[in-house]
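What follows is one structure encoded as structure tokens, with my remarks underneath.
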Amino acid sequence: MSSPAIDRPLGGYLRGAISATALAVLLALGVYLARGYVDTPSLPRPHDFLQVWSAGRLNLGGNNPYDGERMYALQVTNRMPDCRTAERPAGYASMMWVPPWGLAVAMPVGALPVDLAQLVWVYGQLAVILAGSVVLWRLYGGAADRRWVAAALALGSGPVWWQTVGGQYAGVLFVGVVGYLAAHRAHRPLLAGAFVALTALKPHLFTLLAVGLCIDALRTPFGRRVVLGGVIALGAAAAVGTATNPHVWDQYAAATSGEGSAYYPGLTEWFNPTVQAWVRHAFPGRPFWVQFVPLAAAVPVFAAYWWRHGGPDRWPAALPWVLPVCLLVAPYGSWPSDQVLFLVPVIALAVRIGPGAIRFAPPDAAVVAFAAANAAVVVMTASQVPLHYYVWVAPTFCACLVLKRSALERDAVGATASAGGER
């Protein structure tokens, strides 16, 4: 019989070899795809990447990054995808609706030649999602020799591939959440605030998190330093966006409060993949306020809960359920790429599943349903299904997580009872 002392290093070498091979294959695939983007002029660029590059480039030149006509002119000459509709037969610009502090992220991208910018933006975000998943695994107590599980969960995520194909900025949001958790664990509140400021690219997706952080600031010195770090980071980012374009805030206010044009759909024209957006479209006149009803109900409930039971030390345990609720009640967006944030609860839950369960237990209904849902997102992405038909994704992911967590808690109770009986 071979000794465990010998088996463990050999197993480690084997896992290392498999990981290195998988990484080499992914890098080779990335290089192949990258060459395809650069060498094939007929291949459209990701629509959402073009919005980031165009907005950053315009703002760098002191121009209006929320000007649909200028955005359209840049995008249509840089391999814009076919997005023609009956209302806009010539297609439309993809607009970057983030507040002006978000332009601090877009401007370095806009400063690059478009081919290089696309590679950096798209593959850079895929890399940080993979790295952030591994960091999450360790933050939630996952074994170092099983970090591959986190990477596999990220690579198997349908929303991650939607993000990679579309070029949105979910990777930046994910870094903000993971960085906040890492800095929080290191007891560095100012840095935690600076990381969480990245979520302000899409503040409507993180309303409950913002409410909780404000309550923490009212009650604890740590919470006040977190908010201070966030304010400093946002102030610096806003200064960067304003330095080249002093009128950018007025331009943002005019664009977001106005209607669409021949060059772009207005904010209220988009059919979001949320239940509240479907309900809104069933109302006569499609009033936009309908999409805010779930959030309006959730904010006071969560504020009362966090005031009684919350605190800075609760965030590592709370974020895996707060983020899914945020995505469910979001008044706008919750696009397929935004579902990348589900990696936080998925990885936190996967850590609780022991290696024996992963290796020997047959997959249960929750795991099978979750895998099937991710595969369906990939198929829908490849088939270019309209965005509002992704309405089922977030509720399905939530249901799978709740079922799996409940099963783990039942197993834990059963194991405790059995141990007590043996005594």
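Figures for the structure shown
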| quantity | calculated |
| --- | --- |
| Any hit, region 177-188, residues being closer than 18 Å to residue 330 by Cβ and out of contact with any Pro (no Cβ under 7 Å at 6 or more places or on another chain) | yes |
| Some residue of region 250-259 being closer than 26 Å to residue 397 by Cβ and not basic (Lys, Arg) | no |
| Elements of type helices (runs of 4 or more DSSP H) in region 299-406, at least 2 residues being in contact with a strand residue (DSSP E or B) (Cβ under 8 Å, 6 or more places away or on another chain) and surrounded by fewer than 22 Cβ atoms within 10 Å (Cβ to Cβ) | none |
| Counted residues, region 258-284 - those being at pLDDT 95 or above and among the small types (Gly, Ala, Ser) | 2 |
| Residue list for region 75-97, restricted to those being aliphatic (A, V, I, L, M) and within 26 Å of the chain's Cα centre (by Cα) | 80, 93, 95, 96 |
| Verdict on residue 131 being surrounded by fewer than 19 Cβ atoms within 10 Å (Cβ to Cβ) and modelled with pLDDT under 95 | no |
| Flag for residue 115 being surrounded by fewer than 22 Cβ atoms within 10 Å (Cβ to Cβ), more than 24 Å from residue 194 (Cβ to Cβ), out of contact with any helix residue (DSSP H, G or I) (no Cβ under 7 Å at 6 or more places or on another chain) and of a type in the set (Asp, Glu) | no |
| Matching residues in region 241-253 - criterion: being of a type in the set (A, V, I, L, M, F, W, C) and either surrounded by fewer than 17 Cβ atoms within 10 Å (Cβ to Cβ) or more than 22 Å from residue 194 (Cβ to Cβ) (or both) | 243, 249, 253 |
| Single match in 207, 199 (criterion: without any contact (Cβ under 8 Å) to a residue 40 or more places away in the chain and under 30 Å from residue 378 (Cα atoms)) | 199 |
| Tally of residues being touching a helix residue (DSSP H, G or I) at 6+ places or on another chain (Cβ under 8 Å), of a type outside the set (D, E, K, R) and surrounded by fewer than 17 Cβ atoms within 10 Å (Cβ to Cβ) across region 135-169 | 6 |
| Helices (runs of 4 or more DSSP H) wholly inside region 174-271 containing at least 3 residues that are under 20 Å from residue 337 (Cα atoms) | 207-219 |
| Pairs, first in a helix (DSSP H, G or I) in region 130-156, second among the aromatic types (Phe, Trp, Tyr) and surrounded by fewer than 19 Cβ atoms within 10 Å (Cβ to Cβ), C-beta under 9 Å, six or more apart | 134/148 |
| Pairs with Cβ under 9 Å, 6+ apart, first in region 46-67 and within 16 Å of residue 117 (Cα to Cα), second of a type in the set (Asp, Glu) and not in a helix (DSSP H, G or I) | 58/67 |
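The values are calculated or read from the model by the stated rules, or taken from the named source; none is laboratory data. Remember, it's a predicted structure, so these values are computed and weren't measured experimentally. Ideal geometry is used to build each Cβ from the backbone, glycine not excepted, and the neighbour counts take in all protein chains shown.
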